[in-house]
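The values are calculated or read from the model by the stated rules, or taken from the named source; none is laboratory data. As the structure is a computational prediction, the values presented were derived from the model and not from experiment. Note that we place each Cβ from the backbone using ideal geometry, even for glycine, and neighbour counts take in every protein chain shown. All accessible areas refer to the heavy atoms of the entire protein, side chains included, with ligands and DNA or RNA removed. Shrake-Rupley method; radii C 1.70, N 1.55, O 1.52, S 1.80 Å.
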Amino acid sequence: MKISLNLISKLGLDLKEYKAEPQKLADMLTSAGLEVEEVKDLSRQFQNVVVGKILEKNKHPNADQLTLCLVDTGDQKRKIVCGAKNHNANDLVVVALPGAVLPGNFEIKVSKIRGEESSGMLCSEKELGLSALSEGIMILPKDAPIGTAFSKYAKLDDVIFDIKVTPNRADCLSHYGLAREISAITGKTFEIPHTTYQESKESTKKIIKLVVEDTERSPRYVGRLIKNIKIKSSPDWLKQALEVLGLRPINNVVDATNYIMMMYGQPMHAFDLAKIKSNQIVVRGAKSGESFKSLDDKNLKLTGTELVIADGSEVLALAGVMGGLNSGVSEQTVDIFLEAAVFNAASVRRTAKLHSMETDSSYRFSRGVDPEGVILAVNKCCQLISEIAEGKVSSDFYDNYPRPINKQRIEFDLKYISLRLGFNLDSTECKKIFERLGCHVAGSGDKLLITPPAYRYDLRLAEDMGEEILRIKGFSHVPETLPSMSIQPSLDDKNYNLENKLSHFFASQGYAQAVNLSFLNHEYQKNILSDEANLDSTNIGFDLTKEAVKIKNPLNVDLSVMRKAVFVSLLKNMSHNVRHGILKGKLFELSPIFYINPTEDIRETRPFYEETHLGLIQWGESNQNWMKIKSPPNFFELKGVLENYFKAWNYKTYNFKNFKNTPLFLHPGQSAQISVEGKVVGFIGMLHPMVMEFLDLKINDCVICELNLKTLFMSQPRLTKSKDVAKFPFVERDVALLAPLDLPAGDIKQELLKAAGNLVVDCEIFDLFMGGSLPKDKRSIAFRLKYQDPLKTLSDQEVNALHQGAVKQVCDKLHLSVR
Amino acid sequence: MIEKINQLSKLAHEAIEKASSTDALYEVKVKYLGKQGLLSTVLKDLGKLSPDERKTVGLHANNAKAELEEQIDTKTKSLKTLEQNQKLQSEKIDVSLPGLAPKPGSIHPINKVMNEMCSIFSRLGFSVRTGPHIENAFYNFDALNIPADHPSRDLQDTFYVDDGIDHEPGKFSPWVLRTHTSPVQTRTMLTEKPPLRIISPGGVYRSDSDTSHSPHFHQIEGLLIDKNVSLSDLKGVLGFFAKEFFGSDIKVRLRPSYFPFVEPGAELDASCPLCKGKGCSMCKHTGWIELAGCGMVHPEVFKAVGIEYPTWNGFAFGMGIERMAVVKYGVSHIGLFSENDLRFLENFKI
C-alpha cells in the first residue's frame, strides 16, 4: 500500500520534521508492526533536473535529425543536443544536467554526440518516468521559473512509503488510517480540515428509491445524488496524487471516488443516474444464472451467492467488488448516484475469489471498512466533486444503517503485562497508550475497561490490547528469560528417530541423501510406473494401483500430482546428474508417498493415504581402481547394503526372491521381491531397458529399490541382545554342488542349513562356476559350512558325519550331485 | 684334548664371524655345537681321561661351548635385524597412491539442519512430533484462528487437493497440502494433555515459486504450553537456540508481526552471523536476519482444541529450514536443495 506523506499532511497531521528524514518515520512504523518496505523520496529522484529556457535552436552541423540548442539553466548557458521535433526557441523545458540519474538508472553525463559536445538532456515525460508514453520533450508553461529544481516546480517534493499492511490492520489501508497510527506512535495530534460544500434543493429520496433487501451483507448503505456534473479530466494536483499512489487517472468523478478511497479507506462507486432503470437501487442477492458485464468488459454469469446492486431490471454492480460497464460514469454522464457502503467482509471476499476480481475496493471490504467512517468519506467526496466537477449535491441522502456498531468493552488487567510480556508498566502510562490509539479508557488501578474505536476490528481481547502496548512501547522492552517448566518427560516421535537413524546408516554406506518435491508431472509418473493396474500390492509391499492424489491448483503440469513412489523422483535426480556428467552415483531418500485411499485420522476418515518410503538408486558401470580391483556390480552392492541394514536392525530373517509377476519398470531377470520376516516390504531391481530408453540417458546400468518403512518400522526399535562368544573351536567343511542353472543358490543354501541342523553356525557361498567341462545346463556352486558345538569340541568324525549327511540329504532332495 | 678344543673353538669363532646369514650361522652352530657336532665328537673321548683331567677338560669344554653359544646368539640377533631391515626395504609401498575405502555418503543439508535444531530444542525438553502432509483445513486453518473467507488465509498461497467432489462455486476441497507445520500443534493439543513442549520439523507447501521460494519447502514448529509462560520466555528460548545454532555472540530482537494463531505476534530477528551485525548481502545490509515467526498462543486456538485458558498458556514459533541452511552453510540458491546434484550433496558429509 502506497502512502504519500504530502497527502497525510493534507489531513492536518504535520510531518515537516520527518520530510527531511523519512527513514526515521519509516523505522518507527516498522517497529510498530507496519512494515515500510520501500521509502521513495521523489525530490531525490530529480536531483540535477531543472527548468531551462531554449535560447537558440540550431541545426546540428553533422546530423539532419538532431538539433543543437543553447539552453539557459539559470546558472549558465549550455549547449545541448536534442533529437526531439516539438521544441522551439523560447520554449521552457525540463533539463537533466550532468550528474542527474533518471528512472531506469540512466545517468546523464557530458558527452559528444556526432562531434558536438552536449552538456545535459532535454527530457520527455517518459524519460522522467511521469508517463508511459510521450511525444517529444516536455514543454512547460511560460511562467515556469528558469533554474528552479524540477521537483519543486512540479511539486514532486513528496515522499512515498510502500507499506506492507497485515490482514488484521484494515484500518491502515488509507492515509487517514496511517495518520491516526503515526499520531498514536508519535503522540502528535491532528484534526481533519472542515468539510464545506453547497447543497442544492434537489432531493435524493424523491428522485430515486433505495431498497436494501440484505442488511446482513450490507450493514450500512449511504447514497446521494449529485447533479449537473461536468465530466472532464481532473486537475493536475489530483492526477498527480493518484499517479504517485499507482492509480491511473480517468475522469474527475472517477478520480474523486478513488482519491477518497485512498484518503479515507472508504470504497465508493458512482452510478450514472440516466442508466438506472425504473429509478430504483436494490441491494439484493444475485439470482442464479443472472448475467453481468463488468467495468473491465468481462461477461459474468452469476451463481446466486453474490450480493449485487441492481436497478429495477438488471445488475448494476457486484457489491463491493466492481461496477458494471453500462451503468458507470462516462463522458455523457450528467447526474450521478454516489454510493458509499459497508459490505460484509466474507461475502465480498467470496465473490471476488469466485470471479477472480481482486480490486482495490474488494481488498478493503474483505478486510473490513469502518462503518462509522462512511459519512465523513461521503461528505469529503461531495465537496471534491462539487469543486472539480461543478456538481450540485442534493439536500438529503440515504443512510441505511439499521444496527449501528456497538464496540464491546475489553477488560484489561495490568497483571497481563508483567505475567505474559515480562516487564512492568504503570497504570497511567498504560492508559495514555490506549488513549493515543483512540480507545476510550475507564476503570481504575490495575483493571482497565477499554472501548476500542470502531475502525479497529482487530481489538477484541485483552491479548490484543497487550500487543498494542508492545507496539507502541516497543518490543525491545521484552527481556530474555527461560521458562520455569514443569518436568514433562515425553518421547520423540518414534518414526522421526527411526528415519534419522536409517538416514545415517545409508549415508555411512556411501549413499547421498536426496530431498525431492512431493509433486511431479502426472504423465511422467504414469510413464515410469507404466501398467499400474498390474502392480499387485502383495507383490512389492505397497500399493501402486491406487489413484494418485491430484493438486487442484498446481503451479504447472510438472507439479500437478503427488508421487506414489520415491524412486520416481530419484530417477529424475539421476537424469539431472548424468546430464551434468556424473556418470556414477548413489542416492537415497526417505519421504512420504501419497495415494487415494480412506485412512483413519484422529477425528474422521481421511480420503488420502500417506506412508514413508525409503527409495534408493545407484547408477553407472562398475569401475576398476589402481589395484585392478573392480567395484561390485550395482545390484549386488545395493543388495549387500540392504542385507547389512536388515542385520543391523535385528530382523531375524529376510529374503530376496524372483518375481512371479515382475513390475513393468524392472528388468524381469534382474529384480527381486524383498521380504523381511515373512512380510513383503519392497523390491530391488535393475531398471527395465524401456524405462532407461524413456529417460534417454547415455548410461544403461541402474538399480533401484523402494522399501515400505511403515511395515519395516512396525516392530522397531528392537533391543540388541548380547550373545556369548563360543568357547569351543569351529570346524569348516566345503562342498561344491552341481546344480541346474535356474535353481537359486539361496534355495540350496537354505536346504543345507536346514539339513545340517543346529550345529551349523554359518553357510557361505564362496565360488560359482559355469562352462568349462560342466554340462551346459549346470553350474557349480561352492558352499563353506561352519560347524560349532557350544558345549564341546567337535571331533573330525562327528563333523564329517554331519556334513556328509547334510550334503547327501540336499543332493537327494534337489537332485544335485557333488562335484 | 684341551688343545683340540681350543683349535675347534678358534675355527668355530672364525666361522661365526664369517657367517653372513642366519641360515649360514645355523649351519655353523650345528657343525660345531650340534649333538653330532665337532665339539661333541671330541668330548666323546672324555671318559678315557682321569677324573681330575676329566674335570678340567670338562670345565674348559663347557666354557668354550658357552662362549660360542653367546657369540652365536649375538650374531643371530644382529643378522636378524639386518635381514629384517633388508626385507622391509624391499617391501616399500608408494604411500602417495590413493586410499581405497568406499566413498562416504552424505546427509541432505535440510535434514542436517533439522537434526541439529531438534537436538538443541531437545536439551530444553522439547520432543519431536510429526503430522501428515495432506491436511484437513480444520487443522491447517480453522483451529488456528484462520477462518474460511478471512483474508488471513491469503497470507499463505494454498495448494488444494482434489478430493473428487464437485464443490459449490466459491467453495474448495477441505483438503490442502499443509501450508505450515502448525497443524501438528493442533493435532498434538487435541490428543495430548498439557504441559506440552514439542518441536515439529517437516515439509510444507505454498503455491508460489520464484528464485527465492520453492513450492515445497521445510519448516520447524515449536510449541510450549505450561502454566505462567511469558513472551520473555519465548525470547529467551529462541535466544538460546540462536546462540547454540549460530554462535554465542548472536543477539536476538523481537519485532511486531501478524500471525492469526498468536497474540501478541512477533518476528524474531537474530544478528547476522556472517557480518556480526555490520551489514552484508546475506542480511540485506540490515545487520539482522529473520529467524522465526512467533508469539503467544491465541485464545481462539485454545478454544478450538479444548485446552483451558488462561490456566494453561504458552507460545509457538516457526522457522524456515532452507533459510537456516542458506545462512549456516552459505548455500547460494534454493534450487540446489531439490536438484540433488551429487556435487552439491557431497558438501554435507556425515
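Looking for something closer than 30 Å to residue A:658 by Cα, modelled with pLDDT of 95 or more and open to solvent by 60 Å² or more (accessible area, probe 1.4 Å) - is there at least one such residue anywhere in the stretch A:774-784? Yes, some residue in the stretch A:774-784 is closer than 30 Å to residue A:658 by Cα, modelled with pLDDT of 95 or more and open to solvent by 60 Å² or more (accessible area, probe 1.4 Å). In summary, strands (runs of 3 or more DSSP E) completely within the stretch A:722-819 and bearing 3 or more residues that are of a type in the set (Lys, Arg) and outside the structural domain of residue A:649 (by TED's automatic domain parsing) occur at A:778-787. Tell me which residues, restricted to the stretch A:82-107, are among the aliphatic types (A, V, I, L, M), under 16 Å from residue A:50 (Cα atoms) and at pLDDT below 90. Selection gives A:100, A:101, A:102. Restricting B:131, B:125 to those that are open to solvent by less than 60 Å² (accessible area, probe 1.4 Å), outside any helix (DSSP H, G or I), in contact with a helix residue (DSSP H, G or I) (Cβ under 6 Å, 6 or more places away or on another chain) and assigned by TED's automatic domain parsing to the domain that holds residue B:188 reduces the list to B:131. Among the helices (runs of 4 or more DSSP H) confined to the stretch A:468-562, the ones with at least 2 residues that are at pLDDT 95 or above and either out of contact with any Cys (no Cβ under 6 Å at 6 or more places or on another chain) or open to solvent by 20 Å² or more (accessible area, probe 1.4 Å) (or both) are located at A:494-508.
Every residue, every condition in (1) open to solvent by 40 Å² or more (accessible area, probe 1.4 Å); (2) free of Cβ contacts under 8 Å to residues at least 40 places away in the same chain; (3) of a type outside the set (A, V, I, L, M), yes or no:
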| site | (1), (2), (3) |
| --- | --- |
| A:264 | no, no, yes |
| A:274 | yes, no, no |
| A:280 | yes, no, yes |
| A:287 | yes, yes, yes |
| A:302 | no, yes, no |
| A:314 | yes, yes, yes |
| A:317 | no, no, no |
| A:324 | no, yes, yes |
| A:327 | no, no, yes |
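The test for being open to solvent by less than 40 Å² (accessible area, probe 1.4 Å) and assigned to a helix (DSSP H, G or I) does not hold for residue A:68.
Could you tell me which residue of the stretch A:462-507 is nearest to the other protein chains (Cβ to nearest Cβ), considering only residues that are closer than 30 Å to residue B:346 by Cβ and small (Gly, Ala, Ser)? Walk me through how you get there before you give the answer.
Start the filter on the stretch A:462-507 by keeping residues that are closer than 30 Å to residue B:346 by Cβ, which leaves A:492-493, A:495-507.
Those still in the list that are small (Gly, Ala, Ser) too: A:503, A:507.
Working: A:503: 6, A:507: 4 Å.
Top of the filtered list is A:507.
Checked against (1) more than 12 Å from chain B (Cβ to nearest Cβ); (2) under 17 Å from residue A:245 (Cβ atoms); (3) open to solvent by 20 Å² or more (accessible area, probe 1.4 Å), residue A:37 passes all but condition (1).
State whether the residues of the stretch A:336-344 include one that is in contact (Cβ under 8 Å) with a residue 24 or more places away in the chain and open to solvent by 60 Å² or more (accessible area, probe 1.4 Å). The answer is no; no qualifying residue exists. Being more than 13 Å from chain A (Cβ to nearest Cβ), open to solvent by less than 30 Å² (accessible area, probe 1.4 Å), within 30 Å of residue A:555 (Cα to Cα) and assigned to a strand (DSSP E or B), is that true of even one residue in the stretch B:275-289? Yes, the stretch B:275-289 contains a residue that is more than 13 Å from chain A (Cβ to nearest Cβ), open to solvent by less than 30 Å² (accessible area, probe 1.4 Å), within 30 Å of residue A:555 (Cα to Cα) and assigned to a strand (DSSP E or B). Hey, any hits in the stretch B:194-205 for a residue that's surrounded by fewer than 24 Cβ atoms within 10 Å (Cβ to Cβ), under 25 Å from residue B:289 (Cα atoms) and of a type in the set (S, T, N, Q)? Among the residues of the stretch B:194-205, not one is surrounded by fewer than 24 Cβ atoms within 10 Å (Cβ to Cβ), under 25 Å from residue B:289 (Cα atoms) and of a type in the set (S, T, N, Q), which makes the answer no.
For residue A:819, are the conditions met, namely being buried (at least 18 other Cβ atoms within 10 Å of the Cβ) and over 26 Å from residue A:725 (Cβ atoms)?
no
Tallying residues that are without any contact (Cβ under 8 Å) to a residue 24 or more places away in the chain and open to solvent by 50 Å² or more (accessible area, probe 1.4 Å) within the stretch A:661-685 yields 3.
Tell me yes or no: at least one residue of the stretch A:574-583 is more than 7 Å from chain B (Cβ to nearest Cβ) and in contact with a helix residue (DSSP H, G or I) (Cβ under 7 Å, 6 or more places away or on another chain).
Within the stretch A:574-583, the subset more than 7 Å from chain B (Cβ to nearest Cβ) is A:574-575, A:578-579, A:581, A:583.
Narrowing further to those that are in contact with a helix residue (DSSP H, G or I) (Cβ under 7 Å, 6 or more places away or on another chain): A:575.
Yes, because at least one residue in the stretch A:574-583 is more than 7 Å from chain B (Cβ to nearest Cβ) and in contact with a helix residue (DSSP H, G or I) (Cβ under 7 Å, 6 or more places away or on another chain).
When residue B:190 is tested against (1) in a helix (DSSP H, G or I); (2) more than 7 Å from chain A (Cβ to nearest Cβ); (3) open to solvent by 20 Å² or more (accessible area, probe 1.4 Å), only condition (2) is not met.
For the stretch B:146-178, the set of residues classified as surrounded by fewer than 23 Cβ atoms within 10 Å (Cβ to Cβ), touching a helix residue (DSSP H, G or I) at 6+ places or on another chain (Cβ under 6 Å) and closer than 29 Å to residue A:546 by Cβ consists of B:174 only. List every residue pair whose Cβ atoms sit under 8 Å apart, with the two residues 6 or more apart in sequence or on different chains, where the first one lies in the stretch B:332-348 and is touching a residue at least 60 places away in the same chain (Cβ under 8 Å) and open to solvent by less than 30 Å² (accessible area, probe 1.4 Å) and the second, anywhere, is among the charged types (D, E, K, R) and assigned to a helix (DSSP H, G or I). Qualifying pairs under 8 Å: B:337/B:322; B:348/B:112.
Taking the options B:92, B:80, name whichever one is of a type in the set (D, E, K, R) and touching a Ser or Thr at 6+ places or on another chain (Cβ under 7 Å). Before the answer, list the steps.
On the way: B:92 fails: touching a Ser or Thr at 6+ places or on another chain (Cβ under 7 Å).
Just one listed residue meets the conditions, B:80.
Inside the stretch A:308-332, can you point out the residues that are assigned to a loop (DSSP other than H, G, I, E, B) and either modelled with pLDDT of 90 or more or in contact with a Pro (Cβ under 8 Å, 6 or more places away or on another chain) (or both)?
So in the stretch A:308-332, the residues assigned to a loop (DSSP other than H, G, I, E, B) come out as A:311-314, A:319-321, A:325-332.
Passing the criteria: A:311, A:314, A:319, A:320, A:321, A:325, A:327, A:328, A:329, A:330, A:331, A:332.
Which fully enclosed helices (runs of 4 or more DSSP H) of the stretch A:334-445 have 3 or more residues being more than 27 Å from residue A:273 (Cβ to Cβ) and not assigned by TED's automatic domain parsing to the domain that holds residue A:222? Ranges flagged: A:427-436.
All conditions in (1) within 7 Å of another protein chain (Cβ to nearest Cβ); (2) hydrophobic (A, V, I, L, M, F, W, C); (3) surrounded by fewer than 21 Cβ atoms within 10 Å (Cβ to Cβ) hold for residue B:237, with the sole exception of (3). For the stretch A:157-175, check the following and say yes or no: at least one residue is open to solvent by 20 Å² or more (accessible area, probe 1.4 Å), touching an Asp or Glu at 6+ places or on another chain (Cβ under 6 Å), within 14 Å of another protein chain (Cβ to nearest Cβ) and not in a loop (DSSP other than H, G, I, E, B). The answer is yes; a qualifying residue exists. In the set (1) more than 24 Å from residue A:12 (Cα to Cα); (2) out of contact with any Phe, Trp or Tyr (no Cβ under 6 Å at 6 or more places or on another chain); (3) at pLDDT 95 or above, the condition left unmet by residue A:223 is number (2). Within the stretch A:1-40, the set of residues being under 31 Å from the mean Cα position of the chain (by Cα) and in a loop (DSSP other than H, G, I, E, B) comprises A:1, A:32, A:33, A:34.
Within the stretch B:138-157, the only residue that satisfies the criterion of being facing chain A (nearest Cβ under 8 Å) and under 17 Å from residue A:552 (Cα atoms) is B:154.
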